[in-house]
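The values are calculated or read from the model by the stated rules, or taken from the named source; none is laboratory data. Being a predicted model, the structure only gives us computed values, none of them experimental. Cβ atoms come from the backbone with ideal geometry, glycine included; neighbour counts cover every protein chain shown.
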Amino acid sequence: MPQKVEPPKKSWHQRLSQGLALSRQGVWGKIENIFTRGDLTDEAMEELEALLYGADLGTQLVGEMLKELRQQVSAKNNTLDSFKAYFYETLKTRMSPIQSLVPEELFDVTKKKAETITIMIVGVNGVGKTTTIGKLATRLSRQGAKVVVGACDTFRAAAVDQLEVWCQRAGAQMVRAKEGASPSGVGYETLKTALSSKADYCILDTAGRLHTKGNLMEELKKSKEVLAKLDPKAPHHVLLVLDAITGQNALRQAQEFHKTLGLTGLIFTKCDSSSKAGSAVGIVQELKVPIAYIGVGEDVEDLDRFVVEDYLGLLLNYGNSN
């Protein structure tokens, strides 16, 4: 009987390229078509303007880009290649200084700056928060890190059960709520467990919605503040999970969380299901907060470090990225 041959695993570059396909073929594909039609007429420039504003890059950035593009048109330097080069370099220049703020300890256990690194993961329900935490715990555990995860979303039993499955697979320890416990209480107990066991990472899941009339942001703020009683520097990182599908709405969410919690990084998920993955550019620009990870699917391997050059190259179909 012939032996079943497993298909070769896709590299992260291939996964990212596939994950950004909808965005590349959507807005950016339409922009390419404008340039391949010939000269940029006034009508074509209006069409280009509408597409750029629809790409969720941010109004100020789009305004500056359009001004530069009009100058290029006047100088008869309006080829598709020159357009892509200009876009790539402009977006890279804007994003790179902010992206350089991402600490290596989020990716590499050997670069830790403290014995136990506490990571608080926040975001509204439905963005893939629990799955993302499971993938993150798996990535770190595979490096030999000891990981403790806190199921602080005390309002959704299904989310806690899902997180428990991920933790079992990852070999991570999970702390779950005792009956009647508050989200901040679970976070406190989780960090206490992590510190006493000398864990490398303490990752805290949080509620994305409250079933009472209480204010979500106030509860999250309390959850953050209570950690400092055990470790004055905790949490070391507050990462917001954003769903690419929501586009500009993701920016409004991010602003609200940032105002209350002081975000240190973003995790951009579900890019494979959206044509709005370009909105990451506008969000980083607006908040001055970097993207740590990008997600393009359900598998563990579908979450990886956000590298601005790879992201822009694949989004714009530019250079040697594809």
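If I filter region 60-94 down to residues being without any contact (Cβ under 8 Å) to a residue 40 or more places away in the chain and outside any helix (DSSP H, G or I), which single residue comes out as surrounded by the most Cβ atoms within 10 Å (Cβ to Cβ)?
If we take residues in region 60-94 being without any contact (Cβ under 8 Å) to a residue 40 or more places away in the chain and outside any helix (DSSP H, G or I), then ASN77 is surrounded by the most Cβ atoms within 10 Å (Cβ to Cβ).
Being in contact with a Gly (Cβ under 9 Å, 6 or more places away or on another chain), part of a loop (DSSP other than H, G, I, E, B), buried (at least 22 other Cβ atoms within 10 Å of the Cβ) and not aromatic (Phe, Trp, Tyr): is that true of VAL289 here?
Taking the combined requirement at face value, the residue satisfies it.
Could you grab me the full set of residues in region 170-196 that are closer than 20 Å to ASN125 by Cβ and outside any helix (DSSP H, G or I)?
Correct list: MET174, ARG176, ALA177, ALA181, SER182.
For region 142-169, which residues satisfy the criterion of being assigned to a helix (DSSP H, G or I) and basic (Lys, Arg)?
ARG142, ARG169, listed by residue number.
Please determine, by comparing only the residues of region 95-123 that are of a type in the set (Val, Ile, Thr) and not in a helix (DSSP H, G or I), which one is farthest from TYR311 (Cα to Cα).
Here the answer is THR116.
Report yes if GLY134 is within 21 Å of the chain's Cα centre (by Cα) and farther than 18 Å from THR264 by Cβ, otherwise no.
yes
So LEU266 ticks every box in (1) closer than 20 Å to VAL122 by Cβ; (2) crowded, with 21+ Cβ neighbours inside 10 Å; (3) in contact (Cβ under 8 Å) with a residue 60 or more places away in the chain but one. Which box is left unticked?
Unmet for LEU266, out of (1) closer than 20 Å to VAL122 by Cβ; (2) crowded, with 21+ Cβ neighbours inside 10 Å; (3) in contact (Cβ under 8 Å) with a residue 60 or more places away in the chain: (3).
Report the residue count in region 292-314 for those that are in contact with a Phe, Trp or Tyr (Cβ under 8 Å, 6 or more places away or on another chain) and at pLDDT 90 or above.
10
Scan region 18-32 and tell me whether some residue there is of a type in the set (Lys, Arg), touching a helix residue (DSSP H, G or I) at 6+ places or on another chain (Cβ under 9 Å), in contact (Cβ under 8 Å) with a residue 60 or more places away in the chain and within 27 Å of GLN248 (Cβ to Cβ).
yes
Out of everything in region 125-140 that is out of contact with any Lys or Arg (no Cβ under 7 Å at 6 or more places or on another chain) and outside any helix (DSSP H, G or I), what residue ends up being modelled with the highest pLDDT?
Per the criteria, the residue is VAL127.
Can you find a residue that is within 25 Å of TRP28 (Cβ to Cβ), outside any strand (DSSP E or B) and in contact with a Leu (Cβ under 8 Å, 6 or more places away or on another chain) anywhere in region 227-250?
yes
Quick one: which of LEU263, LEU315 is in a loop (DSSP other than H, G, I, E, B) and either more than 25 Å from LYS9 (Cα to Cα) or not assigned by the TED database to the domain that holds GLY123 (or both)?
LEU263
Which condition number in (1) in contact (Cβ under 8 Å) with a residue 12 or more places away in the chain; (2) part of a helix (DSSP H, G or I); (3) not charged (D, E, K, R) is the one that LEU57 fails?
(2)
Specify which of the listed residues (GLU115, GLU68, GLU64) is assigned by the TED database to the domain that holds LYS270 and more than 24 Å from the chain's Cα centre (by Cα).
Exactly one of GLU115, GLU68, GLU64 is assigned by the TED database to the domain that holds LYS270 and more than 24 Å from the chain's Cα centre (by Cα), namely GLU115.
Out of the residues in region 1-49 that are of a type in the set (S, T, N, Q) and assigned to a loop (DSSP other than H, G, I, E, B), which is modelled with the highest pLDDT?
By that ranking, first place goes to SER11.
List the number of the failed condition for LEU216; all other conditions in (1) out of contact with any Lys or Arg (no Cβ under 9 Å at 6 or more places or on another chain); (2) without any contact (Cβ under 8 Å) to a residue 12 or more places away in the chain hold.
(1)
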